1. When residues of region A:104-138 are filtered for being buried (at least 16 other Cβ atoms within 10 Å of the Cβ) and either aromatic (Phe, Trp, Tyr) or facing chain B (nearest Cβ under 8 Å) (or both), how many remain?
2. Does any residue in region A:4-19 that is in a helix (DSSP H, G or I) come within less than 6 Å, Cβ to Cβ, of a residue that is exposed (fewer than 15 other Cβ atoms within 10 Å of the Cβ) six or more places away or on a different chain, and which pairs are these?
3. Could you run through region A:241-263 and say how many residues are β-branched (Val, Ile, Thr) and exposed (fewer than 12 other Cβ atoms within 10 Å of the Cβ)?
4. So, in region B:53-71, of the ones that are at the interface with chain A (Cβ under 10 Å from one of its Cβ atoms) and not charged (D, E, K, R), which residue ends up surrounded by the most Cβ atoms within 10 Å (Cβ to Cβ)?
5. Among the residues in region A:202-225, are any assigned to a helix (DSSP H, G or I), away from every other protein chain (no Cβ under 11 Å) and surrounded by fewer than 17 Cβ atoms within 10 Å (Cβ to Cβ)?
6. Quick check: is even one residue across region B:30-42 surrounded by 11 or more Cβ atoms within 10 Å (Cβ to Cβ), more than 8 Å from every other protein chain (Cβ to nearest Cβ) and modelled with pLDDT of 80 or more?
7. Given the residues A:Asp196, A:Asp167, which is the only one that is of a type in the set (Asp, Glu), surrounded by fewer than 16 Cβ atoms within 10 Å (Cβ to Cβ) and within 17 Å of A:Thr103 (Cβ to Cβ)?
8. In region A:87-104, is there at least one residue being among the aliphatic types (A, V, I, L, M) and outside any helix (DSSP H, G or I)?
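The values are calculated or read from the model by the stated rules, or taken from the named source; none is laboratory data. As the structure is a prediction and not an experimental result, all values here were calculated from the model. For neighbour counting, all protein chains shown are included, and Cβ atoms are generated from backbone atoms with ideal geometry for every residue, glycine included.
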Amino acid sequence: MNNSNLCWPTPSGRPGLVPTLVLIISILLLAISAPAVELDLSRIVSAIPRMIDFTGNLLVMPEWSYLPSLGKNILQTIEMTFLATSIALVISLPLGVLAAKNTSPHPAVFHVTRNALCLMRALPELVWALVFVSAVGLGPLPGIMALSFVTVGFMGKFFAESIEVVDQRQVEGVVAQGASWLQLRTFAHFPQAFPDFVGTVMYVLDHNLRAAAILGLVGAGGIGYDLVMAMRMFDYGRLLPIALSIYLVVTLLDRASDHFRMRMI
Amino acid sequence: MAEHTIQRPALPKKPFNPTSVWLSGWLALIWFIIVDLELSFETLLYGVQDIFEYFSRYSRPNFEDISRYIELLVQTLATALWGSTLAIVLAVLLAPFAARNLSPNAATYRIARELLNFMRAMPDLLLALIFVAALGLGPLPGALALGLHTAGFLGKFFAESLERVDNGIYEAVTATGASRIQLVMYAGWPSIQREALGYMLYIFDRNVRMAAVLGLVGAGGIGLALHDTLRMFNYDQSAALIVVILATILTIDYLSTWIRGKLN
Amino acid sequence: MAQIIIKDIVKRYDHDFKALKGVSAEIAAGSFTVILGPSGAGKSTLLRSINGLETPTNGTIQIGEHIVTKDNLRQVRSQVGMVFQHFNLVDRLSVMTNVLTGRLSHRSWLGSLLYLFRRTDLDLAHDALIRVGLTDKAWSRADKLSGGQQQRVGIARALAQQPRVILADEPVASLDPVASEEIMGLLREICTRDGITVVVNLHHVELARRFADRIIGLNEGLVVYDGPVSGLDRATLSRIYNRNGEQVDEQLESMLAYA
């Protein structure tokens, strides 16, 4: 096979401008940032035997006496997720209405709400958890506060976007009946955006469960604390049960929300 | 009441509306959780009162260590970049196997799907902890952890998009005698270009946030600095750090929205 | 260039529904055959069995000297081009790249992974585009073309394979009458000039009459007519298009207008 014989399917035979640029820029960025990330292949390779060792150590008898406590903490994680998402849902609904261009009472309100929501979701939950633990002490409360806060940022934005794409004609129908401001939003906008809302809530629940699982790292409740401690102390009797139960719960929720989504459609 | 009542044909029986059941169930669940977690409104109220005072402590950000913060920030971004790249590579390799209409057989499909689910389910923090234990401290284990974890998400998104492509297009390329790899390259990826790019931007965004936080477990980045300053109740420096983190995340958000706008 | 021998094809789906109940036919090399029949007759199933997009429950298909099995599908398909009702082009790729996908079976996996083609491949694609009259659109994105143009790209893609057989599954069902004429004319010209065996599914009897050498009439999974176009009289058409045994004489004309 003769190499000079090969070419790309473009008028010039050379690869297109955009893919080439993207490739070059990506390689440049990666090369520049490699030292910052301390990229070192030999380090990774030499760690492989340690990883294999580790996986071997994981397969040890679980610490049976720990299981009830594990169950309690997992339950706490689930409860935190549910509560935080519920609180955020209640707050996001009105905020979503205010943050949607077609349902907001005034452009100023629209812009302020939109930007506020943007700020609320800018920092990851863990950062807020740190801050709230600092404020109200340890336990699930700061975790719930942090989760709710960030979730309002996401849900508010998603809700607003769902409201913005409703069919205007259906809205006009209700306007023509002489509906009030609130009635219009309740009977024309909300029912149309509802299926999207449900999808958003499912997605957020999934995301929050994973987030809740790690908040314990900073003392904000849930299984996170046990997880980090077990890791730090190489407490293999607990690691596998903890990891497995997180995996199970997350997967269950995933399947449940898939099922639920199928039924909704 | 009027003596003359009009006889109307009866309406069909109203179908049972489960909404009230769901609603009361939901409220009951919430109440139960509040009790079970021993959440007291007192603590919350005091906390909220305190919060205003508390937040005021952050009102004087101290930027004197800014050069160190920037350095950490660069490290965080680098971690996110490399993590996302690893995720993209893994996802591109796995996704075709996890798409029902592209996978060679049912067994491969199941395995690929489960593998992606597993990668998604493991919290990135746990992976980071494991990699720190194996490789030592620093941003590299963080990048690896992020890469593995987000590969699960990206792989699933890619696979679902690939599954949604019009089957006729797959048939047409198959009918020319193309192999499976060629099918994926010429009918699969080109058809989902735009969505794929959207997903990649999304996980880069997510990885920047996570990278900022992974420092808390020694995986490098600006999170560790924040943890330290907060532990020492050094609110001025914490405020500065939060501002830096916030500014970065907002910029990345803005950039990715801009790029997404350009795509359309 | 290749003869197609269809022997006793049966295709059964779950719930015991038989789409094809034992179809046999011999399609001469280089001929232009049209398969006619009402919807649900099994035309698509039969056509798609030829290049293995459907696997028959029983029976064999032989193209040239090869019997189609599940192990030689790629080889068979590289020699059989297919044109689809909904064109099935890859929207985001250029017309040229779409046509080039016809050359994929001749490319190594590594080269095609990088979207690299040989000069000879590009020349073949170019020739195909000349044949269908679309060279000026070579670098346009496929979804920017009209229906008729897209179908011509589909034909060019099949041509680029340098096939011995071209199958067309309702190629004009989504096109207006003018474009339909164009496409059928193109297929006929390809058959005559290149000697490629062409098999087309149609439900428009007039087009079949004008372009085919030979008609295979299918109804409810069985061949009810297999012969020259001249044999397409009212009786035959009635046999092809009757439903559940009813004779459809009176409404035949108007029915065929919608067929």
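1. Matching residues across region A:104-138 total 14.
2. Once the first residue is in a helix (DSSP H, G or I) and sits in region A:4-19, its partners that are exposed (fewer than 15 other Cβ atoms within 10 Å of the Cβ) give A:Asn5/C:Arg119.
3. The initial filter retains those residues of region A:241-263 that are β-branched (Val, Ile, Thr), namely A:242, A:246, A:249-251.
Among the residues that remain, those that are also exposed (fewer than 12 other Cβ atoms within 10 Å of the Cβ) are: none.
Going through region A:241-263 one residue at a time, the tally reaches 0.
4. Going through region B:53-71, the residues at the interface with chain A (Cβ under 10 Å from one of its Cβ atoms) turn out to be B:53-55, B:57-58, B:71.
Then keep just the ones that are not charged (D, E, K, R); that gives B:54-55, B:58.
Details: B:Tyr54: 17, B:Phe55: 13, B:Tyr58: 15.
Applying the filter and picking the extreme gives B:Tyr54.
5. If we filter region A:202-225 for residues that are assigned to a helix (DSSP H, G or I), which is where we start, we get A:202-218, A:224-225.
Going one step further and asking which of them are away from every other protein chain (no Cβ under 11 Å), we end up with A:202-205, A:208, A:225.
Pick out the ones that are also surrounded by fewer than 17 Cβ atoms within 10 Å (Cβ to Cβ) and you get A:203.
Looking through region A:202-225, at least one residue is assigned to a helix (DSSP H, G or I), away from every other protein chain (no Cβ under 11 Å) and surrounded by fewer than 17 Cβ atoms within 10 Å (Cβ to Cβ).
6. Scanning region B:30-42 turns up at least one residue that is surrounded by 11 or more Cβ atoms within 10 Å (Cβ to Cβ), more than 8 Å from every other protein chain (Cβ to nearest Cβ) and modelled with pLDDT of 80 or more.
7. On the way: A:Asp196 fails: surrounded by fewer than 16 Cβ atoms within 10 Å (Cβ to Cβ).
Checking each option against the conditions leaves just A:Asp167.
8. Going residue by residue through region A:87-104, those that are among the aliphatic types (A, V, I, L, M) are A:87-91, A:93, A:95, A:97-100.
Filter again for outside any helix (DSSP H, G or I), leaving A:99-100.
Scanning region A:87-104 turns up at least one residue that is among the aliphatic types (A, V, I, L, M) and outside any helix (DSSP H, G or I).
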